[in-house]
4 protein chains.
Amino acid sequence: MIKLNGIYPPLPTSFRNDEELEPGKIAENINILFGYELAGILILGSNGEMVMLSNEEKKRVFDAGRKAIPTGKIMIAGTGAQSTRETIYLSSMASDSGADAVLVLNPAYYKGQMNSDALVQFYHDVAERSPAPVIIYNMPANSGLDLDADTIIKASEHHNIIGIKDSGGNLVKMATIIKNAKSGFQVLAGSASFLLPALSIGAVGGILALANIAPGLCLDIYNSFNEGNTESAKKYQLAAVELNTAVTRQWGVPALKAAMDYLGMYGGPVRKPLLPITSPIYRQLVELIDRTLKK
Amino acid sequence: MIKLNGIYPPLPTSFRNDEELEPGKIAENINILFGYELAGILILGSNGEMVMLSNEEKKRVFDAGRKAIPTGKIMIAGTGAQSTRETIYLSSMASDSGADAVLVLNPAYYKGQMNSDALVQFYHDVAERSPAPVIIYNMPANSGLDLDADTIIKASEHHNIIGIKDSGGNLVKMATIIKNAKSGFQVLAGSASFLLPALSIGAVGGILALANIAPGLCLDIYNSFNEGNTESAKKYQLAAVELNTAVTRQWGVPALKAAMDYLGMYGGPVRKPLLPITSPIYRQLVELIDRTLKK
Amino acid sequence: MIKLNGIYPPLPTSFRNDEELEPGKIAENINILFGYELAGILILGSNGEMVMLSNEEKKRVFDAGRKAIPTGKIMIAGTGAQSTRETIYLSSMASDSGADAVLVLNPAYYKGQMNSDALVQFYHDVAERSPAPVIIYNMPANSGLDLDADTIIKASEHHNIIGIKDSGGNLVKMATIIKNAKSGFQVLAGSASFLLPALSIGAVGGILALANIAPGLCLDIYNSFNEGNTESAKKYQLAAVELNTAVTRQWGVPALKAAMDYLGMYGGPVRKPLLPITSPIYRQLVELIDRTLKK
Amino acid sequence: MIKLNGIYPPLPTSFRNDEELEPGKIAENINILFGYELAGILILGSNGEMVMLSNEEKKRVFDAGRKAIPTGKIMIAGTGAQSTRETIYLSSMASDSGADAVLVLNPAYYKGQMNSDALVQFYHDVAERSPAPVIIYNMPANSGLDLDADTIIKASEHHNIIGIKDSGGNLVKMATIIKNAKSGFQVLAGSASFLLPALSIGAVGGILALANIAPGLCLDIYNSFNEGNTESAKKYQLAAVELNTAVTRQWGVPALKAAMDYLGMYGGPVRKPLLPITSPIYRQLVELIDRTLKK
């Protein structure tokens, strides 16, 4: 089974000013990021604006990602869709592009019918047909549906389901999964804001928006913990929370892209209905980046 | 401005057993429904499994719908997507197919960034570019985001936005919109369960899942109210709630399609991850249909 | 069984500037209100700051209320508490003071254990021991727990439970209750913002914060509906929503009391932690009162 | 400033079968618990059924608690009420009984008005008048209101506010508080289910329902972490989650009391509307206790 241990940035997708894809910038960003000891990269997660792209565009982004990611580093591809058939189709497509694993968000439009049985069935159907191993993606702040521990544990029983990215931040649920899911099931923190708490109970790493702009800080938390340096780990964790909140829950992908631009990467515009951050927020963001990273 | 007054079924999309489209059945169902005095039909709403279809399939369904809908009857087409550009694209496509109006669900994936400004901007961007007039679609149970009255009132100011289908069931919000939105802004109830309460405060009609299987009962509520027969209206409204709940919030589209099959229309299968209703639920459903419609 | 039909103000409790009780002002307010054709008054509902008073104070307020309420008019007394025994104690106390019925909010502190069985048991235990008939009080915005239709229907089966004040605003639930609760079970709207929708499906009246400051407008809605004048009823209902929202959900009891002061009644201070409304809000409130009531 | 570091059980309140207080059993339970290296005890928290007791009963329980708690051990007393004046009154009363600190739940009945300003004002008013130092109590699962980080940080600025018990389980909020509240502000985990994650980011201990029945296991987590033994800490934390969930969120105080009875302490009955756990749940509970504690 593929070992997921480590830190992964969920790469934003690069667009030109007219909102068209800019795959060359994707490659440039990947090159910069792999100056750090990252385990891999997630292509087309929530920060990659996956719900904004056509399937043809998704294929181009998967291909651009794989080409730029160094040999031996893991490419995870976001392939969740509202129908089972579309999710399988995208998982095959990502696999053809060379993805090492697919990250599958649960369908959530028909929330009333997405009970535990339907969700377990969905994950098993996808896992059965996906050429690449499947990582469950729980992202209640976006999907509006929070997978419960029992559902995740049951879904995890399929041999082709290897882990979960949990962005919900419920550490009790995470502990329940780590305790009760099949042996070897790998839990990744979905946010730098609770990376250390997650590691403390057995998570193996994280897919972290913050790792796009502060990969060093994210690795400092991860490495300090693994070296048993709990004081340093705590210090780095507390240092990360405010900036991470700014580029995720608070101001979202537009702020993450603005931060990348500020730091010499390519952030570029978001697709509408997302709007660029305003000037006052930009100033707060820059001040926060400087305060967090420059000292 | 197009007058929306009346009752509209949001037609389920017909699939074969292998989940492929069956446009001929769409036409047959439409023919049956227009045996009743309906104002029109919604093609590709939530009950039409709109999030399950590719764009190419959507085009085929819009075309099939328009061809079958009688001249003079209104075709509303569901065209909401997660990006502004895709929503505009689908609205143009539906317009090309002959839609009289488009029903636009708000994007909701990036809930944290979908504040009132972003949502108003989205609706104005779409309205500016959509050839057909726009009806706002508020469906919090599915989208996970409940448009507030202020947002709807501000969005309504665009000349090409003519109304709203509100499925939230918050009658206070509905009254606030009716009182404060621009003159002529048309409110449609999004569920038969609160049709009469909505009419009592000024709604002009409804887009009602129940109208697919009990168009007569929906029209009885509507006509009784308009004739000033409040006792009859109440009686029909109370009669409708339980069956409507069964085919919407409780058991969803799979139950609605099963009910259509039972009543001699074509329901057929749902697309996965939706699952067909179980046998015990089917028996409860049939008993409820008989109790509601046969006496 | 006592007939609850009609309109009831839930009277705010009068305090002096040092937060001590001012029972004389309670009597004065009641005298003013019964210049209108109200069915009765609720003493110590949410607007009466019931959770702020000691039991000894509650007794004084019940006594003051009963003394001032005209013969033949209904006094409803709020007696819900977190324990069953305390609720029974307060219901007996209110009954001793001459309450015609008690309004019993569900306990909600132990939300996780307050399943349907526990809640039905609670209401049956209270109904069994309360000398006065019991009205269920569903107030999810305050209690944080929304009684579902099944629970209410099961609770209603006790002979000493005669109705419900539902402040949740879910008209579908209300219709389900009216359809399925025991014959004669009486539903009262818990807010003027949805009085007409509630009447349209069979509610018999309302306990309405707005009736403290605009009893005439509330009665206009009620009487127009009962006379079959749906156009007038709609007009009055739409006129009431904005002011009602201001003195309930938006600015709460402090605004309701300020409005009473402005209109020549005694509002007076609220008990802390409630804070008086600020000057800018006071100006908006006064403007809204003038706009709603003076034309 | 009093140092809160360590583990505290929130003691259930002992009742006889007729629901009357049984203070002698409170003393016996305290004697048993202080066979472990606990820092102190919370009297009349949520597990102490604080909302079920009259003020006179509260006084008796505070007195019984203080008398039994060994010299040098900390007694924290729960004193939150819906009004500011009542909270101050209870805090003085607890202080008279010898409480070292008071735990003050935020008032939550008027949720709509309990904005950040009102809540900060409440805590400052109470802190100003409470003889004993104040610990904020955030318990959203019961109160229905989740204090946000900004409110807590602002409230913490008062010199007489020394810490918080946070039962919400939001580790990101907890990290934000630890980073930004005044120096020396002490955070206590409110549940054993996230004790280790909380310690990892700087919490100083916990007030833990589980510490009533498994004080040794709670201390194992705490001590392992403080000794830098992250592997052991993780193992004990994962072992604690399931039983802790059972006696808190899942089956609540009735299960906690049943577990105490099973383990040779005095649990006794709960006050209604709480109901004793059923026999099938009792069997599950006993099996879970044996599995968690006997190996």
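Let's see if you can work this out: charge +1 on each Lys and Arg Cβ, -1 on each Asp and Glu Cβ, no other charges. What is the dipole magnitude of the protein assembly as shown about its Cα centre, in debye to the nearest 20?
Details: 108 positive and 112 negative charges, 0 e Å.
With only Lys, Arg, Asp and Glu charged at Cβ, the dipole is about 0 debye.
The simple spin-label model puts a point 7 Å past each Cα toward its Cβ; for D:S92 and C:K182 those points are separated by 4.7 nm.
Assuming 0.692 mPa s and 37 °C, estimate D for chain A with Stokes-Einstein, Rh taken as the Kirkwood radius over Cα pairs, in µm²/s. Please report the intermediate quantities before stating the final value.
Numbers: Rh = 18.9 Å.
So the translational diffusion coefficient is about 173 µm²/s.
Rounded to the nearest 500, what is the 222 nm mean residue ellipticity of the protein assembly as shown from helices alone, with -39500 (n - 2.57) per DSSP H run of 4+ residues and division by all residues? Present the calculation step by step, with values, prior to reporting the outcome.
Values: 48 runs with 532 residues, N = 1180.
The per-residue figure over the protein assembly as shown is -13500 deg cm²/dmol.
Place the label 7 angstrom along Cα→C-beta at A:K59 and in each other copy, then list the distances from the first to the rest in nm, shortest first. Copy-to-copy label distances for A:K59: 1.6, 8.1, 8.2 nm. Here segment C:179-214 is scanned for amide nitrogen atoms under 11 Å from the site 7 Å beyond the Cα of C:N226 along Cα-to-Cβ, giving C:204-206. If both residues of a DSSP beta bridge must be in the protein assembly as shown, then about 5% of such bridges are antiparallel.
For the chain pair B and C, buried accessible area totals roughly 1900 Å², probe 1.4 Å, rounded to the nearest 100.
Taking the protein heavy atoms of segment C:6-229 in the context of the full set of protein chains, the accessible area attributed to carbon and sulfur is 45 percent at 1.4 Å. Shielding by partners for peptide C:223-231, expressed as the average number of C-beta atoms from other protein chains within 10 Å of each residue's C-beta, is 2. The residues of the protein assembly as shown have, on average, 34 Å² of accessible surface per residue, using a 1.4 Å probe with all protein chains present. Put a plus charge on the Cβ of each Lys and Arg, a minus charge on the Cβ of each Asp and Glu, and nothing anywhere else: the dipole of segment C:136-201 about its Cα centre is then about 140 debye.
Mean partner shielding of peptide D:143-149, defined as the number of other chain Cβ atoms within 10 Å of each residue Cβ, is 2. Taking Cβ atoms as reference points and 10 Å as the exclusive limit, the residues near A:S83 contribute a net charge of 0, counting Lys and Arg as +1 and Asp and Glu as -1.
Interface burial in segment A:109-129, defined as at least 10 Å² less accessible area with all protein chains than with the chain alone at a 1.4 Å probe, covers A:Y109, A:Y110, A:K111, A:G112, A:Q113, A:M114, A:A118, A:Q121, A:D125. Among chain B residues, the one whose Cβ is nearest the axis of the rotation from B to A, given with its distance rounded to whole Å, is B:G144, 1. Here the Karplus curve 6.51 cos²θ - 1.76 cosθ + 1.60, taken at θ = phi - 60°, turns the phi angles of segment C:262-272 into couplings of 4, 8, x, 9, 9, x, x, x, 9, 7, 5 Hz, with x standing for Gly and Pro. For A:T13, the solvent-accessible surface with a 1.4 Å probe is about 0 Å², rounded to the nearest 10. Beta bridges from DSSP with both residues in segment A:6-229: antiparallel share about 5 percent, rounded to the nearest 5. Across the identical copies, the label point of A:S279 (7 Å from Cα in the Cβ direction) is separated from its matches by 3.2, 7.0, 7.5 nm, in order from shortest. Using a 7 Å projection from Cα along Cα-to-Cβ, the label point at C:G24 is separated from the same position in the remaining copies by 5.3, 8.6, 8.8 nm, smallest value first. Between B:I281 and C:S116, the FRET efficiency from the beta-carbon distance, with R0 = 22 Å, is close to 0.60. Around the Cα centre of segment A:6-229, unit charges on the Cβ atoms of Lys, Arg, Asp and Glu (plus for the first two, minus for the last two) sum to a dipole of about 280 debye. List the residues whose amide H sits under 5 Å from the amide H of C:Q186, counting only those 5 or more places along or on another chain, with H placed 1.01 Å from N in the peptide plane. Under 5 Å from the amide H of C:Q186 lie the amide H atoms of C:G163, C:I164, each far enough along the sequence or on another chain. Of the residues in segment C:155-188, those shielded by at least 30 Å² of accessible area once partner protein chains are present, compared with the chain alone at a 1.4 Å probe, are C:L171, C:V172, C:A175, C:K179. Peptide C:266-279 shows a mean partner chain C-beta count of 4 within 10 Å per residue C-beta.
Which entries of B:K3/B:K59; C:K272/D:K25; A:K58/C:K173; D:K165/D:K235; B:K173/B:K234 have Cα-Cα distances beyond 32 Å here? Violating the 32 Å Cα-Cα cut-off are C:K272/D:K25; A:K58/C:K173.
Considering Cα pairs under 8 angstrom that are at least six residues apart, work out the relative contact order of segment D:6-229 and quote it in whole percent.
That works out to 19 percent.
Taking the charge dipole of segment B:1-109 about its Cα centre, with +1 at Lys and Arg Cβ atoms and -1 at Asp and Glu Cβ atoms, the residue from B:L4, B:N55, B:P70 reaching farthest to the positive side is B:L4. The accessible area of D:Y282, taken with all protein chains in place and a 1.4 Å probe, comes to roughly 90 Å².
3J(HN,Hα) along segment D:117-125: 4, 5, 6, 5, 4, 4, 5, 5, 4 Hz, from the Karplus curve 6.51 cos²θ - 1.76 cosθ + 1.60 with θ = phi - 60°, whole Hz, x for Gly and Pro.
The values are calculated or read from the model by the stated rules, or taken from the named source; none is laboratory data. Since the structure is predicted, the reported quantities are computational estimates derived from the model, not experimental observations. For neighbour counting, all protein chains shown are included, and Cβ atoms are generated from backbone atoms with ideal geometry for every residue, glycine included. All accessible areas refer to the heavy atoms of the entire protein, side chains included, with ligands and DNA or RNA removed. Shrake-Rupley method; radii C 1.70, N 1.55, O 1.52, S 1.80 Å.
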